[in-house]
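Take a look at the structure below.
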Amino acid sequence: MDDEGILDLFYERSEQAVTELDRKYGAAVRRTAGNILRDRLDVEECLNDTWLAAWNTIPPQRPDPLVSYVCRIARNLAVKRYRADTAAKRNGSYDLVLDELEECIPSGVDVESELERRELTAAINRFLETLDREDRVLFVRRYFFADPVAQLAAATRFSANRTSVRLFRLREKLRNYLQKEGLSV
Amino acid sequence: MNRDDLSDAIGGIDGRFIAEAYSHDPEAASGPSERIVRMKTKRMVSLALAAALILSLGLAAYAVGSIHLARQQELRQDLKVDENNAGSYVEYTLPETQEPQGAVLLSAVNDGTEERVYVNVSPVTEEELAGFADGASRFSWSIEGYELGGFAGPSLPVDLNLSGKEAIREALLQYAYDAETQTATLECWLTVDSFKKAMEALGTDTVPLQLNLSTDAGTRCLGTIDFALTDEQSRSFDFGRAVYHDEEFDKEIEIVGLELTPFSAVWKVHYEGDALLHSPGGDQQAGRDWLLLEDKVCQDAQLVFSDGSTFSTGGALTTPYENGVVRQYCGWGGAIDIGDVQRIVLHDLVLWEAP
């Protein structure tokens with residue numbers, strides 16, 4: 001079923017909508033949550049929460065693309081759970097992603113309010129616009145979907161080393177970009 | 001700002017980018033490529049050679065000893081060491097006593113910027129190695145007594161093309177693992193400059209390099225080797241600040257020189273405004289044409305060998321600005337014969353030619 005058909009089911013308040021959503025995007029959502037959470041039960045719970053959130057927000061929302069909408073919900077729920085579960089310890093694979101992101105933080109830029117956080121997201125969107133498609137996909141797959149480097153390496157047909165270096169270069173670019181943008185935050 | 005702020009901000013990025021990345025999901029791609037089939041044959045030949053040699057050593061040492069020897073031979077062949085006279089590639093003498101556990105140093109090569117170190121480690125379970133494909137297992141190296149560490153990963157053939165988690169798992173177990181001895185072959189990447197600092201701080205010529213495996217169960221040390229930096233093999237080309245005019249961007253870029261090793265290259269280029277563009281405040285959007293032109297130099301320039309074959313160093317992995325030039329570092333898997341380079345050209349511009 002295409003996205004429009006699934007959205008129509010949501011608008012009709014048909015429970016079949018969730019079944020179709022799970023059939024089409026269940027694997028993507030499971031994987032998004034599974035890259036962040038290691039516990040299978042947590043992942044399933046995250047999946048159910050994602051479908052519930054979709055049910056509660058569509059309508060009035062009519063997201064396009066639908067896959068981005070549900071993956072975003074799943075990621076944000078998984079990150080929230082991850083933070084709650086791992087507050088006192090740092091050994092998850094998502095910690096590696098966070099460690100890498102730490103390298104992108106320029107000095108002198110602070111984010112204290114929701115408005116500034118939105119501005120930061122807008123700056124990252126502008127940064128992503130500057131990248132070529134291959135680099136942008138690599139960045140989003142690593143830092144949004146939290147895909148392991150080995151998997152990205154295989155997908156990009158480079159060695160893991162080269163992929164790590166390429167990600168490093170992208171982080172350098174983002175840090176420089178944010179530093180420049182930070183002057184106006 | 002902290003890393004959680006940044007993570008949250010990335011969580012809110014434009015849905016177009018998420019959909020674009022989703023459509024590139026490697027899980028959606030097809031299975032193992034033809035390349036894998038070819039490599040299977042290669043590995044069988046290597047193992048057969050190793051087994052033949054080992055017969056004379058007695059069966060008791062075979063199980064563990066053969067895998068170290070076999071791996072050395074596979075790496076040598078895969079990295080095209082003999083074929084392309086990579087003199088900087090160093091193989092180490094294998095231990096006479098074949099212990100079933102710990103780390104065994106196989107070989108290393110210094111490309112001037114990075115040192116690649118190949119190590120066999122055991123015991124590693126099949127599940128632990130396969131877990132590398134989805135991030136459930138992570139390998140790393142660290143230096144005992146010094147705050148320095150980095151990533152390591154299972155060593156796979158350099159030209160192997162893989163798509164999808166299952167294909168990666170299969171390749172890991174096929175090329176980087178010996179089930180009988182529970183031995184995994186790892187490749188570690190060490191930054192040469194950082195490693196030198198570690199040696200200086202420890203006041204020694206060798207450092208204790210510790211190999212680690214992290215899983216949900218925690219981190220355990222797989223073994224430690226004493227390691228010293230190896231010598232690099234390089235060849236420098238001075239282009240006398242050759243000027244390349246690019247018609248697409250209508251810009252001119254000076255190509256100052258090239259530092260070449262069997263496994264890497266540094267293209268040194270200079271253009272108006274390069275220092276500013278590569279500074280933290282550099283406007284990369286405004287300088288996009290220059291960045292593309294930098295890449296063009298690395299990607300389009302051809303090294304021409306005596307048999308007429310050509311090689312491109314590929315796009316740069318890092319581009320620091322140092323001493324008045326942008327240093328574009330490029331790396332690749334298998335060695336090239338740097339002594340056999342006869343010409344270097346960029347489209348119609350001959351940058352260098354053997355006398």
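Every number here is computed from the coordinates shown, using simple stated rules; none is lab data. Being a predicted model, the structure only gives us computed values, none of them experimental. All Cβ positions, glycine included, derive from the backbone under ideal geometry; neighbour counts span all protein chains shown.
Residues whose amide H lies under 5 Å from that of B:Trp352, counting only those 5 or more places away or on a different chain, are B:Ile344; hydrogens are built 1.01 Å from N in the peptide plane. Under a 5 Å amide H cut-off, with hydrogens placed 1.01 Å from N, B:Phe239 pairs with B:Gly257, B:Leu258 among residues at least 5 apart or on other chains. A DSSP coil position with no more than 15 other Cβ atoms inside 10 Å describes the following chymotrypsin sites (Phe, Trp or Tyr not before Pro) in the range B:230-323: B:Phe249.
Summarising the amide proton neighbourhood of B:Gly282: residues at separation of 5 or more, or on other chains, whose placed amide H is nearer than 5 Å comprise an empty set. Sorted on the mean count of surrounding Cβ atoms within 10 Å across their residues, most packed first, peptides B:165-172, B:214-221 read B:165-172, B:214-221.
Normalised by the number of residues in the range B:235-353, the average gap of Cα pairs under 8 Å and 6 or more apart makes the relative contact order 26 percent. Which entries in the list A:Lys80/B:Lys296; A:Lys80/B:Lys165; B:Lys165/B:Lys197 go over 31 Å, if you measure between the two C-alpha atoms of each? Check vs 31 Å cut-off fails for A:Lys80/B:Lys296; B:Lys165/B:Lys197. Rounded to whole numbers, the Karplus 3J(HN,Hα) couplings from phi for the range A:6-18 are 5, 5, 4, 5, 4, 5, 7, 6, 8, 5, 4, 4, 5 Hz, using 6.51 cos²θ - 1.76 cosθ + 1.60 with θ = phi - 60°, and x at Gly and Pro.
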